[in-house]
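Notes follow the structure.
Read-outs: derived from the displayed coordinates by stated rules, not from any lab. Because the structure is predicted, anything quoted here is derived from the model rather than measured. Using ideal geometry, Cβ is built from the backbone for each residue, glycine included, and neighbour counts are taken over all protein chains shown.
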Amino acid sequence: MEQKFIDLFKETLEIEDREIEMTDTFRDYDEWDSLGLLSLIAMIDEEYDLIIESNTFQTLETVADVHNYIKSKTV
Amino acid sequence: MAFQKIQNVKVVGVSACVPNHIVDNSKLEMLGTPKDISKFIETTGIAKRHTVGSEKICTSDLCFQAAEKLIEDLNWQKKEIDCFIFVTQTPDYILPSTSCILQDRLGLSTDCFVLEVSLGCSGWVYGMATIAQFLTSGNFKKGLLLVGDTVTVTKSDRDKSTYPLFGDAGTATALEYCEKATPMYFQLSTDGKNHKAIIIEDGGFRNFFSEESLVIKEREPGIFRNNLQSYLNGTDVFIFGITKAPKSINSLLENFDIDKEEVDYFVFHQANKLMTEKIRKKIKVGPEKVPYSLDEYGNTSSASIPLTIVAKLRDEVTKNKKKIVTCGFGVGLSWGSIYFETDSIICPEIIKYNLNK
């Protein structure tokens, strides 16, 4: 599930030239912007049937934080 | 949930008028590099927008020309129009109500029932629900619903979170009392808890206009606006739209036992493609049933549903019987859906605003 999530994350933010790590702080990515945030919210809703509210999203810093949050809500 | 079934009312015509001035998003430097620009256009679906620009054109002007053309094509006598509703959040004045000004300008009878409704993206849906209620009893026979906004006037051209998304338009919808009409169905909701998600803070009576209202401040890095310009919380509104709109449509279909497969078109408020495609996938309908006018006109607030019908379904609705579901959602927060049927309605081509009329 972890690799699938990393792939989806990369694809959603259209990161094409490199690999990403679970420990990355995603807001530091060059590709990160407000449309990226919306695309990510949409992807998580589509793939995991989970809406992450913006207040909650603000507390998540790394790719792993997002992944762990999804796991905690969908198990 | 608020559900309405309305008998004896049929839609007989729809028209739309847009300003001539076009903003081409592909040339908008505020969006960043050429790569950023193409990503923006691809994600939002918004390539161009018709805006009032520097002309002093109000919503009432656009709606007036849409109405004149529709009334003429319908062969209606103006004195027969006994119910007139105007929906906008960009009126001519704080007072009087612009609906009164339009009653006179259109030459409607002083005995016509006239009302103004203040709603944005859900405005056409609520306007339809309201005018249908007045017509259903047969007390009124001919109803004119004018719906539109010039929201671009309320956007800061240094706010890339809102400025590239919006266009301006005015529309007219004509309805008649008709005992043979198939029923119209409505689902309507409101959640004022999130009223600050889309707001113009100053200039009303809560925060009266002051010198401070004009001070342009940096709200987020690179985003500048004053308090007379509208704020939009993109993330909250996005989550709202992709959650509430599908629920509204699904509950409408379920409550009134409407077969989704029988519906010819689902016309959504044209917010942006990321949002509306998400809504489309959630209600599980194919792209061939969901028309878009976003590419050419952007998000035109309350006008977007009738504008899309005119821009994209004109051939279909003028020649055939069609079953249509529409869904409006946004500022308020307010949202709702309609199911209605049309049978060879009057639908003139999109009118380009004539400055000399």
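Quick notes on this one:
- Coupling constants for the range B:76-85 follow from the phi torsions by the Karplus curve (6.51 cos²θ - 1.76 cosθ + 1.60, θ = phi - 60°), and in residue order they are 7, 8, 4, 5, 6, 6, 10, 9, 10, 10 Hz; glycine and proline get x.
- Members of B:K282/B:K312; B:K155/B:K323; B:K69/B:K273; B:K180/B:K352 lying beyond 28 Å, as alpha-carbon distances in this model show: B:K155/B:K323; B:K69/B:K273; B:K180/B:K352
- Sorting B:V114, B:V87 from the fewest to the most surrounding beta carbons within 10 angstrom yields B:V114, B:V87.
- Sequence-ordered 3J(HN,Hα) estimates for the range B:54-63 from the Karplus curve with 6.51, -1.76 and 1.60 and θ = phi - 60° stand at 8, 6, 8, 9, 9, 3, 4, 5, 5, 5 Hz, glycine and proline given as x.
- For the range A:2-74: rounded, prolate or oblate by the Cα gyration tensor [a/c cutoff 1.5]: rounded
- Here A:T74, B:T171, B:T243, B:T51 are placed in order of increasing Cβ neighbour count within 10 Å, fewest first, which gives A:T74, B:T243, B:T51, B:T171.
- Exposed GluC sites (Glu not before Pro) absent: longest stretch of chain B, with sites in DSSP loops and at most 11 other Cβ within 10 Å deemed exposed: B:1-178
- With Cα atoms, 0 to 90° folded angle of helix A:34-48 axis to chain A main axis: 50 degrees
- Cβ crowding within 10 Å, taken as a proxy for footprinting-reagent exposure, orders B:M30, A:M43 from fewest neighbours to most as B:M30, A:M43.
- Amide H contacts for B:K321 (H built 1.01 Å from N in the peptide plane; partners 5 or more residues away or on another chain; cut-off under 5 Å): B:S344.
- Between 0 and 90 degrees, the angle of helix B:234-255 with respect to the longest Cα principal axis of chain B falls at about 20 degrees.
- Exposed loop positions in chain B were taken to be chymotrypsin sites (Phe, Trp or Tyr not before Pro) whose DSSP state is not H, G, I, E or B and which have at most 10 other beta-carbon atoms within 10 angstrom. Between these positions, the longest stretch is B:209-357.
- Dipole magnitude of chain B, debye to nearest 20 (Cβ charges: Lys/Arg +1, Asp/Glu -1, about Cα centre): 620 debye
- Relative contact order of the range A:2-74, defined on C-alpha pairs under 8 angstrom at six or more residues apart (%): 36 percent
- Label-to-label distance, B:E220 versus A:T74, with points set 7 angstrom from Cα along the beta-carbon direction: 2.5 nm.
- Rounded to 5, the percent of DSSP beta bridges in chain B classed as antiparallel: 70 percent
- Across the range B:261-271, coupling constants 3J(HN,Hα) worked out from phi with the 6.51/-1.76/1.60 Karplus curve, θ = phi - 60°, read 5, 7, 6, 6, 9, 10, 9, 8, 3, 7, 6 Hz, and Gly and Pro carry x.
- Stokes-Einstein diffusion coefficient of the protein assembly as shown, Kirkwood radius over Cα pairs, 20 °C, 1.002 mPa s, in µm²/s: 95 µm²/s
- With all projection directions averaged, the alpha carbon convex hull of chain B covers 17.2 nm².
- In chain B, the longest principal axis of the Cα atoms and the axis of helix B:273-282 are about 50 degrees apart.
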